[in-house]
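Peer 1: Take a look at the following structure, please.
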Amino acid sequence: MNTKRIARIIGSGSYLPEKVLTNKELESMVETSDEWIVTRTGIKERRVAGENEYTSTMGIKAAKEAIENCNIDPEKLDLVIVATCTPDYLFPSTGALIQKEIGAVNAAAFDLQAACSGYIFALSIAKSYIESGFYKNILIVASEKISSIVDYEDRNTCVLFGDGASASVVSFEGKGLEIRDVSLGTDGNQSDLLILPGGGSRIPSSEQSLKDKQHFLKMEGREVFKHAVRLMEVAANECLSSAGIEGRDLAWLVPHQANIRIISAIAKRFALKEENVYKTVHKYGNTSASGVAIALDELVRTKEVAKGENVLLVAFGAGLTWGASLLTQN
Ligand code: UT7
């Protein structure tokens, strides 16, 4: 008898703030145009958190939906991992804030910071803990209020990002998407390309740091673009070859939702048809760690992912970090 434990995503949920920020509205804020944004990025609109919405509150809404989706008792959760680079506070963790509100009284909780790749990094932890028998039920929340670190006077970045949250319950029992393989990577040599310089221990917030706008994210877009395509291809290939399958065996590719041109370049490299690539970038923009998780949640709710079908997640972000995960419905 095969007694190997299998980690599966058995429940999922998402939350997108109501407020829509359109390209037209951005035209009145910075020197840009709907035409430029759509042709260069594929983004038509994005969501931004309301005044009383934070990474934790959005994450709580997504988490409650995921818990309800698989009907698990929150007291059965052993761990809450929150993938975010926009935590409510540096400490306590956003994980602790979410753990309290969802009634996961028996769960440990922490935040995981791998920028846009955070959800895939979290999947690797959930898989390992569950397969080793260390934990049985784990909640992953990927939530970002990127609007809190975006400079709405910087046209290079403000048109790209949006807010949102998604959550997955990963369990040792039940039906769902098996986490077959995960592949991760980091290149700290490229850490300057996408950075939030202020507010940490190196440049604590001060009058000067605010004046210098160090509390806003900075990105060298063109450079990041080049690395994004190359490194997501590396991650996807590593993950597929470790699982012994090829691009043509995929029913769905769910890539990081940063730029439609990056998504198309990746799809091309794996000879995938556009209709097999799940996209949300046009309506939500780049929501960092939550992007790939929101897209996956939408995919499983709106399309029939049949038994035996393979879904490949692939993401890329500041660090630089990258990761891919192969999921199989069973
Ligand atoms: O999630 C983390 C990962 N992040 C990413 O994956 C982002 C990767 N990078 C990108 O998606 C693209 O590089 C951008 C969308 C950020 C930029 O597109 P691009 O085709 O690489 O444009 P560019 O940076 O080469 O800039 C072209 C021109 C520049 O003008 P000059 O220097 O040629 O005169 C920019 O100043 O476009 C200008 N520009 C804009 N014009 C109108 C930059 N932003 C804007 C804007 N509206 N919003």
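The values are calculated or read from the model by the stated rules, or taken from the named source; none is laboratory data. Predicted model, so just to flag it, every value in this text is computed and none were measured. When we count neighbours, we look across all protein chains shown, and the Cβ atoms used for this are built from the backbone with ideal geometry, even at glycine. Please note that ligands, DNA and RNA were not included when accessible areas were found on the heavy atoms of the full protein model with its side chains. Shrake-Rupley method; radii C 1.70, N 1.55, O 1.52, S 1.80 Å.
Peer 1: Inside the stretch 230-259, can you point out the residues that are more than 9 Å from the ligand (Cβ to nearest atom) and aliphatic (A, V, I, L, M)?
Peer 2: Start the filter on the stretch 230-259 by keeping residues that are more than 9 Å from the ligand (Cβ to nearest atom), which leaves 230-255.
Selection gives L231, M232, V234, A235, A236, L240, A243, I245, L250, A251, L253, V254.
Peer 1: Next question. Among the numbered conditions (1) open to solvent by less than 70 Å² (accessible area, probe 1.4 Å); (2) closer than 16 Å to G164 by Cβ; (3) in contact (Cβ under 8 Å) with a residue 60 or more places away in the chain, tell me where C70 comes up short.
Peer 2: Among (1) open to solvent by less than 70 Å² (accessible area, probe 1.4 Å); (2) closer than 16 Å to G164 by Cβ; (3) in contact (Cβ under 8 Å) with a residue 60 or more places away in the chain, C70 violates only (2).
Peer 1: Just to check your reading of the model, which residue among D151, D192, D163 is of a type outside the set (A, V, I, L, M), in contact with a strand residue (DSSP E or B) (Cβ under 9 Å, 6 or more places away or on another chain) and closer than 18 Å to L320 by Cα?
Peer 2: Numbers: D151 fails: closer than 18 Å to L320 by Cα; D163 fails: closer than 18 Å to L320 by Cα.
Residue meeting the stated conditions: D192.
Peer 1: Of all residues in the stretch 142-165, how many are in a loop (DSSP other than H, G, I, E, B), more than 11 Å from the ligand (Cβ to nearest atom) and of a type in the set (V, I, T)?
Peer 2: Summing the residues that are in a loop (DSSP other than H, G, I, E, B), more than 11 Å from the ligand (Cβ to nearest atom) and of a type in the set (V, I, T) in the stretch 142-165 gives 1.
Peer 1: Could you figure out which of (1) of a type in the set (S, T, Y); (2) open to solvent by 30 Å² or more (accessible area, probe 1.4 Å); (3) more than 29 Å from S183 (Cβ to Cβ) isn't true of Y129?
Peer 2: (3)
Peer 1: I'd like the full set of residues that are away from the ligand (no atom under 11 Å from the Cβ) and among the small types (G, A, S), limited to the stretch 266-289.
Peer 2: A267, A271
Peer 1: Could you grab me the full set of residues in the stretch 302-327 that are more than 16 Å from the ligand (Cβ to nearest atom), open to solvent by 10 Å² or more (accessible area, probe 1.4 Å) and in contact (Cβ under 8 Å) with a residue 60 or more places away in the chain?
Peer 2: Across the stretch 302-327, the qualifying residues are V305, N310.
Peer 1: Moving to a separate point now. Out of V159, V170, which single residue is open to solvent by less than 10 Å² (accessible area, probe 1.4 Å), under 21 Å from the mean Cα position of the chain (by Cα), closer than 30 Å to T328 by Cβ and of a type in the set (A, V, I, L, M)? Steps first, answer last, please.
Peer 2: Numbers: V159 fails: closer than 30 Å to T328 by Cβ.
Going through V159, V170 in turn, the sole match is V170.
Peer 1: For the stretch 33-49, enumerate the residues that are in a strand (DSSP E or B) and out of contact with any Ser or Thr (no Cβ under 6 Å at 6 or more places or on another chain). Don't jump to the end; show me each part of the working.
Peer 2: Initial filter on the stretch 33-49 (in a strand (DSSP E or B)): 45-47.
Matches in the stretch 33-49: R46, R47.
Peer 1: Let me ask another. Which pairs have Cβ atoms under 8 Å, sit 6 or more apart or on different chains, and link a residue in the stretch 194-214 that is closer than 19 Å to L160 by Cβ to one that is surrounded by 13 or more Cβ atoms within 10 Å (Cβ to Cβ) and of a type in the set (K, R)?
Peer 2: That search, which allows pairs on different chains as well, returns L194/K218; I195/K218; L196/K218; P197/K218.
Peer 1: When you go through G42, G103, G11, G50 one by one, which is the residue that is open to solvent by less than 50 Å² (accessible area, probe 1.4 Å) and either within 16 Å of the ligand (Cβ to nearest atom) or modelled with pLDDT under 95 (or both)? Spell out the reasoning first.
Peer 2: On the way: G103 fails: either within 16 Å of the ligand (Cβ to nearest atom) or modelled with pLDDT under 95 (or both); G11 fails: either within 16 Å of the ligand (Cβ to nearest atom) or modelled with pLDDT under 95 (or both); G50 fails: either within 16 Å of the ligand (Cβ to nearest atom) or modelled with pLDDT under 95 (or both).
Exactly one residue qualifies, and that residue is G42.
Peer 1: Right, next: Taking D111 and the conditions (1) open to solvent by 10 Å² or more (accessible area, probe 1.4 Å); (2) touching a Ser or Thr at 6+ places or on another chain (Cβ under 9 Å); (3) part of a helix (DSSP H, G or I), which numbered condition does it fall short on, given that it satisfies the others?
Peer 2: Of everything listed in (1) open to solvent by 10 Å² or more (accessible area, probe 1.4 Å); (2) touching a Ser or Thr at 6+ places or on another chain (Cβ under 9 Å); (3) part of a helix (DSSP H, G or I), D111 misses just condition (3).
Peer 1: Do we find a residue being touching a Gly at 6+ places or on another chain (Cβ under 7 Å) and not in a helix (DSSP H, G or I) anywhere in the stretch 212-223? It would help to see each step written out before you state the result.
Peer 2: Residues of the stretch 212-223 touching a Gly at 6+ places or on another chain (Cβ under 7 Å): 214-215.
From the residues that got through so far, the ones that are not in a helix (DSSP H, G or I) too are 214-215.
Yes, the stretch 212-223 has at least one match.
Peer 1: I'd like the residue in the stretch 166-207 that is part of a strand (DSSP E or B), within 21 Å of A115 (Cβ to Cβ) and of a type in the set (S, T, Y) and, out of all such residues, is farthest from the ligand (Cβ to nearest atom).
Peer 2: The qualifying residue farthest from the ligand (Cβ to nearest atom) is S168.
Peer 1: Ok, one more. If a residue must be in contact (Cβ under 8 Å) with a residue 60 or more places away in the chain, open to solvent by 40 Å² or more (accessible area, probe 1.4 Å) and within 19 Å of R230 (Cα to Cα), how many such residues does the stretch 244-293 contain?
Peer 2: Residues that pass the stated criteria total 2.
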